[in-house]
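Read through the structure below, which is laid out as structure tokens, and then see the notes.
Nothing in this text is a laboratory measurement; each read-out follows from the coordinates by a stated rule. Because the structure is predicted, anything quoted here is derived from the model rather than measured. Counting neighbours? That spans all protein chains shown, and the Cβs are built from the backbone with ideal geometry, glycine included.
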Amino acid sequence: MSTAPTMSTAPTMSTLSLAVLHTRYQVLETIRIPVAVIGNMLFPALAMLFFVVPQSVVAGDPVSATAATGQLAMFAVMSTCLFSFGLGAAEDRALPFEPYLRTLPAGPVPRMIGRMFTGAVFALLGLIPLVLIAWLFTAATVTPRQALLSLLVIVGVALPFLGLGLGIGYSMSPKAAIAVVQVVLFPMAFAGGLFMPPEIFPRWLDVFSQTLPSRAGRDLLVQALTGLHASATAIPVLLGWGALFAVFAAWAYRRDEGRRFR
Amino acid sequence: MTAPVIEVSHVTRRFGAVVALDDVSLAVQPGELVGMLGPNGAGKTTLLSLVNGLRKPDAGTIRLFGSDPRTPASRVRLGSTPQETGLPPTLRVAEVVDLVARHYPNPRPTKGLLEQFGLADMARRQAGGLSGGEKRRLAVVLALVGNPTLVLLDEPTTGLDVDGRHMLWGALRDYHASGGTIVLTSHYLEEVQALAERVVVIDHGHVLADDALDVVIGRVAVRRVALTLPDAADLAALRGLPGVVDVSAVGNGVNRAELLTADADALVRELVRTDTAFSDLEVRSASLEEAFLALTREVAA
């Protein structure tokens, strides 16, 4: 009886090599539609140009200008996470190719990692024009050490939004996802102090704001950029939301079987 | 003793109120070439999506190479085609093939496979720019590129012209001759007849027939015979004629009947032998749908 073939032991490809593979092809797919890349780079840069540069009080003050850049960078990263993961995953799921990929001998992890890296690449690309404008037209300034630290912080604060984006993307249709992403993104960005600095918020809004992941991320990023201390609750708030969104993403992925019809 | 490559036991799958598969059991042995035949919506695609791990059954178990198809390792020796012709439109043909090939430890060389399927010239073209037939062929290339021992093909030749279809059949016969196991779905009787050794007929989530090709073809290859009789009372007698599985009255005021029979020749001979007075005799092959209907009634009877 020991001659019976054990058929299930065939080795699969390593997660790392598959993750590299999916990253490469997802980047390739994205850059073949250049408008998507340019649009992503344009929005935070234009917001900087129209809303920050003309206000000499903000633009002329090194700390305020740097904080404003940080806020818009936070918005850009949040928006990339929610749009490219939330909407992107929902759209991909509606295509027959995505369920097909799930029949290949690979788990969900490589494709997820690929999506994360692709999102990170384009989110960071989107920051380049923003940073250039801040550098050229405002008094914003950072030391190399602050810049490097901020880069790490931005990746860290993006993670909870990545979870939220994936959860939305894997639990709803593209049309529902675009509505939900917009409903979530703009109020959360506003209340998180990404468009207006939280210093000018009324007290009640400031207190509420501090419970939001967008505010926590913003405070941590501004601290890394300017040395203005974030409140002690920022890290626990971000971790709490991060855990919740991670559970949401895992739940949504597991119940997903591709497109559903009723 | 060899273990079956696919083992489906007492599987039920519902979509809301619709029962797509109802207590289906089926095993496929290594090296078999199985054709799954059934009208659209019969449950064929659902069955494949359970075998390739995309969906979970509501009840019952599925084994692929002896383990749960939801685990990636069980799918290392499985190849399948994308549903419909959904390929990433911006990737080039060679890139799509490469993306799939790199999921397997032992893939076939892309170049040779593209040549075999007449796609070598298209390697640099974006998948979105291919014709329907080219996309269909690329889908089958994707099923084979991982060097699998089992391929699941969902409607592989839908939308192909005659040449494309024959080329594809040739490639599948080669694959099977080299020891590969194939399960293909089709709603063309002709396709299943050209390829399969074993035929499984599915309708409304039930397996209606599962047997060697000739046996099943014998049961579904029915003919439709129409004739007009002088007397309405004679219609009932038609039911007793050779091979008749169904009789229906047609027309207003005329005593015209349509019979479905497995053996039209014997039926006509019998009509003549018994000196039955008939007129306007018409014999044609029944459509697959009519054959299925006949088969369903036969099972119910």
Item to complete: Specify which residue in the list B:Leu238, A:Ser150, A:Leu162 is farthest towards the positive end of the charge dipole of the protein assembly as shown, using unit charges on the beta carbon of Lys, Arg (+1) and Asp, Glu (-1), about the Cα centre.
Response: A:Ser150
Item to complete: For A:Gln55, put the label point 7 Å out on the Cα→Cβ axis and report which residues of the stretch A:199-231 keep their amide N under 14 Å from it.
Response: A:199-202
Discussion item. Compute, for the stretch B:34-110, the length of the dipole vector about the Cα centre, with Cβ point charges of +1 (Lys, Arg) and -1 (Asp, Glu) only. Units Debye, rounded to 20.
Written reply: 180 debye
Discussion item. If I require 18 Å or longer along the helix axis, counting alpha carbons, and a Kyte-Doolittle average no lower than 1.0, what helices from chain A are left? Use full DSSP H segments.
Written reply: A:34-47, A:109-137, A:144-171, A:174-191, A:234-255
Practice prompt. Treating the angle as unsigned and between 0 and 90°, give the value, to the nearest 10°, between the Cα long axis of helix B:264-273 and the longest Cα principal axis of chain B.
Written response: 10 degrees
Discussion item. Suppose every Lys and Arg Cβ carries +1 and every Asp and Glu Cβ carries -1, with no other charges. What dipole size does the protein assembly as shown come out with about its Cα centre, to the nearest 20 debye?
Written reply: 2120 debye
Worksheet item: At what distance in nm do the modelled label points of B:Ala266 and A:Ile200 sit from each other, each positioned 7 Å from its Cα along Cα→Cβ?
Response: 9.3 nm
Worksheet item: What does the helix-only formula give at 222 nm for chain B: each DSSP H stretch with n ≥ 4 adding -39500 (n - 2.57), the total divided by the residues, and the result rounded to the nearest 500 deg cm²/dmol?
Response: -9000 deg cm²/dmol
Fill in: Amide N of the stretch B:214-247 lying under 16 Å from the label point, which is placed 7 angstrom from the Cα of B:Leu281 along Cα→Cβ
B:223-230, B:238, B:241-244
